[in-house]
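Undergrad: Let me begin by handing over the structure; questions about it come next.
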Amino acid sequence: MASVTLKNIKKSYGNVEVLRGIDLAIDDREFIMFIGPSGCGKSTLLRMIAGLETITHGDLLINEQRVNDQSPAQRDIAMVFQDYALYPHMTVRQNMAFALEERKTARSEINERVTNAAKMLRIEALLDRKPKALSGGQRQRVAMGRAMVRNPKVFLFDEPLSNLDAKLRIDVRAEIKDLAKRLQTTMIFVTHDQVEAMTMADRIVILNEGVIQQVGTPEMLYEHPANLFVATFIGAPTMNLFKVTLAEDSGHLVACTSQGDRLIVSSEHADQLRQRLGQTLTMGLRPEHVGESTEQSVATLNVRLSLVEPLGSDTYVYFETGTGRAVGRVSPQCKPRIGDNMHLDLHMQHAHWFDQYGSALAMQS
Ligand code: ADP
């Protein structure tokens with residue numbers, strides 16, 4: 001059980017600063033995901049918490065105690081690596097027992113911990129096999145077991161699902177989430193996969209170029225992204241963005257697109273946006289808020305479909321906006337086809353608004 005606190009943590013390699021002042025408080029027993037594009041610094045951050053990288057600047061606290069200068073073993077943290085790093089010449093049992101043997105833990109205690117971990121991970125039947133006789137998913141579980149037997153204060157995971165095929169990833173995702181609940185230990189997990197982060201985390205820390213962009217629950221990041229980076233990183237298909245200029249038209253505030261569409265801003269947002277009359281903003285709408293139009297629609301686009309993706313439950317329809325590609329979600333019953341003209345309804349009450357710097361404008365709703 002442990003809290004982990006990062007205070008103005010920086011990391012440089014030579015002259016290159018790859019982490020630029022990270023402040024973060026992780027609660028005891030929280031499941032935290034670090035997410036961001038390749039090269040944003042998430043693995044470096046994780047490795048600094050583990051003690052595998054030195055900290056250039058700032059303080060790292062575990063349970064309020066500064067641990068910058070402690071070795072990985074002293075920090076009492078266990079890490080599960082992307083490639084699992086199992087010893088190929090040892091059986092599963094030996095792999096799991098190894099760290100405890102190094103620490104001269106009593107044999108009976110080792111046996112008990114290995115048995116318990118194997119039971120929790122449902123790998124009891126595999127204990128006498130060597131890693132090469134295991135599937136990817138089984139190896140992944142053994143790597144987890146090896147971390148679990150140490151009863152660490154904190155678990156760190158460095159993209160542990162990236163070597164698994166898509167279906168197995170979904171299963172293991174659910175297993176790890178379930179395990180996290182049962183183990184009641186602080187967990188920090190690195191991934192570049194936003195679906196993994198959305199489905200598993202209590203809170204997500206989203207990084208770009210060594211800077212935290214936003215910290216929050218999956219719902220918060222999805223519904224209230226702080227900036228364009230978060231808005232477009234979280235959610236698949238990506239949020240649609242429209243460059244619009246605000247104008248007044250017959251008493252309504254309207255968002256004018258570069259293609260001449262005039263979209264009535266919803267009353268929920270109009271009061272706050274009216275002070276920006278004449279300004280050019282970015283309006284974001286998630287695909288589920290762009291659907292087939294009805295007689296009640298007040299903000300519609302007449303589009304020509306450039307791509308149609310039927311998924312069974314929903315169909316995604318893509319179209320060009322003049323500034324890029326956009327996507328809506330329609331019912332499969334309307335059976336759209338590439339090249340069709342379609343009236344799409346923009347659910348303007350769900351629009352996100354960003355200023356010229358890409359920062360979200362907070363809307364009262
Ligand atoms: P991520 O895990 O988000 O993909 P990393 O933390 O691995 O990113 O890397 C962050 C940045 O630091 C990258 O630009 C990477 O090239 C750089 N970097 C990582 N390790 C080293 C190193 N040992 N020496 C120099 N640069 C490094």
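Undergrad: Kindly provide the set of residues from segment 83-93 that are modelled with pLDDT under 95 and either open to solvent by less than 60 Å² (accessible area, probe 1.4 Å) or closer than 20 Å to THR185 by Cα (or both), ordered by number.
TA: If the condition is that a residue be modelled with pLDDT under 95 and either open to solvent by less than 60 Å² (accessible area, probe 1.4 Å) or closer than 20 Å to THR185 by Cα (or both), then TYR84, ALA85, LEU86 are the ones that fit.
Undergrad: Assuming GLY324 fulfils every condition listed in (1) loosely packed, with under 13 Cβ neighbours inside 10 Å; (2) touching a residue at least 60 places away in the same chain (Cβ under 8 Å); (3) touching a strand residue (DSSP E or B) at 6+ places or on another chain (Cβ under 6 Å) apart from one, which condition is it?
TA: (3)
Undergrad: If you take the residues of segment 37-54 that are farther than 12 Å from VAL18 by Cβ and assigned to a loop (DSSP other than H, G, I, E, B), which of them is farthest from the ligand (Cβ to nearest atom)?
TA: Going residue by residue through segment 37-54, those that are farther than 12 Å from VAL18 by Cβ are 37-38, 46, 49-52, 54.
Next cut, assigned to a loop (DSSP other than H, G, I, E, B) only: 37-38, 51-52, 54.
Working: PRO37: 7, SER38: 4, GLY51: 15, LEU52: 11, THR54: 11 Å.
Looking at residues that are farther than 12 Å from VAL18 by Cβ and assigned to a loop (DSSP other than H, G, I, E, B), I get GLY51.
Undergrad: Restricting to segment 279-295, name every residue that is open to solvent by 30 Å² or more (accessible area, probe 1.4 Å) and farther than 14 Å from GLN349 by Cα. Steps first, please.
TA: Within segment 279-295, the subset open to solvent by 30 Å² or more (accessible area, probe 1.4 Å) is 279-280, 288-289, 292-295.
Within segment 279-295, GLN279, THR280, GLU292, SER293, THR294, GLU295 meet the criteria.
Undergrad: Still on this structure, I have one more. Residues that are surrounded by fewer than 20 Cβ atoms within 10 Å (Cβ to Cβ) and at pLDDT 95 or above: which helices (runs of 4 or more DSSP H) entirely in segment 144-247 hold 3 or more of them? Break it down stepwise before answering.
TA: Details: elements: 166-183, 194-200, 218-223, 228-233.
Filter on segment 144-247 gives 218-223.
For every residue, the table says whether it meets (1) surrounded by 16 or more Cβ atoms within 10 Å (Cβ to Cβ); (2) of a type in the set (S, T, N, Q).
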site: ARG29; (1), (2): yes, no
site: GLY36; (1), (2): yes, no
site: LEU60; (1), (2): yes, no
site: ALA73; (1), (2): no, no
site: ASN95; (1), (2): yes, yes
site: ALA99; (1), (2): yes, no
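Undergrad: I need every pair where a residue in segment 200-221 that is in contact (Cβ under 8 Å) with a residue 12 or more places away in the chain and at positive phi has its Cβ under 7 Å from the Cβ of a residue that is of a type in the set (Asp, Glu) and open to solvent by 10 Å² or more (accessible area, probe 1.4 Å), sequence separation at least 6 or different chains.
TA: Correct list of pairs: GLY210/GLU17.
Undergrad: Go through (1) part of a loop (DSSP other than H, G, I, E, B); (2) away from the ligand (no atom under 16 Å from the Cβ) one by one and return the number of the condition ASP83 breaks.
TA: Every listed condition holds for ASP83 apart from (2).
Undergrad: Follow-up. Which members of segment 25-36 meet the condition of being more than 11 Å from the ligand (Cβ to nearest atom) and either touching a Pro at 6+ places or on another chain (Cβ under 7 Å) or in a loop (DSSP other than H, G, I, E, B) (or both)?
TA: Of segment 25-36, the ones more than 11 Å from the ligand (Cβ to nearest atom) are 25-33.
ASP27, ASP28, ARG29, GLU30, listed by residue number.
Undergrad: Starting from residues that are open to solvent by less than 20 Å² (accessible area, probe 1.4 Å) and either assigned to a strand (DSSP E or B) or acidic (Asp, Glu) (or both), keep the ones in segment 331-358 and report whichever is farthest from MET220 (Cα to Cα).
TA: So the residue we want is LEU344.
Undergrad: Taking ALA125, is it open to solvent by less than 80 Å² (accessible area, probe 1.4 Å) and either aliphatic (A, V, I, L, M) or farther than 25 Å from ARG29 by Cα (or both)? Explain how you work it out, then say what you get.
TA: Working: open to solvent by less than 80 Å² (accessible area, probe 1.4 Å): no; either aliphatic (A, V, I, L, M) or farther than 25 Å from ARG29 by Cα (or both): yes.
So ALA125 does not fit the description; no.
Undergrad: What residue, among those in segment 13-24 that are more than 9 Å from the ligand (Cβ to nearest atom) and assigned to a strand (DSSP E or B), is surrounded by the most Cβ atoms within 10 Å (Cβ to Cβ)? Steps first, answer last, please.
TA: Taking segment 13-24 as the starting set, the residues that turn out to be more than 9 Å from the ligand (Cβ to nearest atom) are 15, 17, 20-24.
Within this subset, residues satisfying the condition of being assigned to a strand (DSSP E or B) are 17, 20-24.
On the way: GLU17: 16, ARG20: 16, GLY21: 15, ILE22: 22, ASP23: 12, LEU24: 17.
My answer is ILE22.
Undergrad: In segment 1-12, what residues are surrounded by fewer than 17 Cβ atoms within 10 Å (Cβ to Cβ) and out of contact with any His (no Cβ under 6 Å at 6 or more places or on another chain)? Walk me through how you get there before you give the answer.
TA: First, the residues of segment 1-12 that are surrounded by fewer than 17 Cβ atoms within 10 Å (Cβ to Cβ): 1, 7-8, 10, 12.
Across segment 1-12, the qualifying residues are MET1, LYS7, ASN8, SER12.
Undergrad: Please verify whether ALA299 is open to solvent by less than 30 Å² (accessible area, probe 1.4 Å), under 21 Å from LYS243 (Cβ atoms) and at pLDDT 95 or above, treating the condition exactly as stated.
TA: On the way: open to solvent by less than 30 Å² (accessible area, probe 1.4 Å): yes; under 21 Å from LYS243 (Cβ atoms): yes; at pLDDT 95 or above: no.
For ALA299, the condition - open to solvent by less than 30 Å² (accessible area, probe 1.4 Å), under 21 Å from LYS243 (Cβ atoms) and at pLDDT 95 or above - is not met.
Undergrad: Could you tell me which residue of segment 295-330 is farthest from THR282 (Cα to Cα), considering only residues that are small (Gly, Ala, Ser) and in a strand (DSSP E or B)?
TA: From segment 295-330, those small (Gly, Ala, Ser) are 297, 299, 306, 312-313, 322, 324, 326, 328; that's our starting set.
Subset that is in a strand (DSSP E or B): 306, 326, 328.
Working: SER306: 23, ALA326: 14, GLY328: 18 Å.
Ranking the qualifying residues of segment 295-330, first place goes to SER306.
The values are calculated or read from the model by the stated rules, or taken from the named source; none is laboratory data. The structure displayed is predicted, hence computed values, not measured ones. With ideal geometry, Cβ positions are generated from the backbone for all residues, glycine too; neighbour counts draw on all protein chains shown. Each accessible area value is taken on the protein alone, full model and side chains, heavy atoms only, with ligands, DNA and RNA left out. Shrake-Rupley method; radii C 1.70, N 1.55, O 1.52, S 1.80 Å.
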